[in-house]
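Before any comments, here is the structure.
All of the numbers you see were taken from the coordinates with simple rules; none came from a lab. The structure displayed is predicted, hence computed values, not measured ones. Please note: Cβ atoms are built from the backbone with ideal geometry, for glycine as well, and neighbour counts cover all protein chains shown.
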């Protein structure tokens, strides 16, 4: 019994007699043996993660290099674009200066041309066919102008071999209004009897308004001879009426429609001389050129057309087109 009770005491004493360092080493060996597998796994995981991070960093560095290259390219292109824009702005400024200089020169030339044209117009005499005192023209006598003759028929005369042709208007024969006139319609056939041309002067309306209306009515019926008589009667009796200028214009028109081109030219001339401010005066001047061309005097026709923009710069487009056509037909620009 005593021996058995002494065993635990001896064991405790043996343990107590073991040095502390050896105890710690043995304890460490036990702990290391327990945790080394986990630590090895953790280290391996860290190595793998580190390798992945390095691979990602390498990719990021590569992407960064590519982006830097693209950025440098864009910066270069932007710099080139800025240089081009600067050059274009400089060119635009130079072009603007050149345009300004050209506009200034054109304006100066326009002023010079206008001044020369005004000087030329001042030096150019008025065409003889519109002069109110053509007797001063040494190349023509009084019978070669549009003045009243001594009852002769209207003729086209030339004062000398080299001078222009002039239209001479005949005086109205005594009793012409009452004489019978053979009238021709637009188809070339005689008009029926009983038209205005076969009536006596006393059969015409005695007042300005009805007489003018009657003349226009005959014109619209293509009764050119009757319209001529009525318009002449209106101008004789009511030369100061506000419609006298238009009546003179239509008289010239009915003469033209009867192919009396010389007489129509004389009537247009009377209209321009006597009623220069009438609204139809510009058209009368253009049609005067037409009548002169038809009697063979293209020089005077061109003179009339040259006078049109000077005397009537605000003529209508219709009149300007008519004048342009006559200028071509008369050979004014050739």
Likely footprinting exposure, 88, 292, 271, fewest C-beta neighbours within 10 Å first: 88, 271, 292
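Under 10 °C and 1.306 mPa s, how fast does the stretch 231-292 diffuse according to Stokes-Einstein, given a Kirkwood radius computed over C-alpha pairs? Answer in µm²/s, whole number.
143
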Calculated FRET value between residue 274 and residue 321, using beta carbons and R₀ = 30 Å, to 0.05: 0.70
Theoretical gain in end-to-end length, residue 83 to residue 100 [0.36 nm per residue, Cα-Cα removed]: 3.6 nm
Computed log₁₀ I(q)/I(0) - Debye formula, equal Cα scatterers, no solvent, the stretch 202-334, q 0.18 Å⁻¹: -0.93
Span from the the stretch 63-91 Cα centroid across to the the stretch 281-334 one, whole angstrom: 66
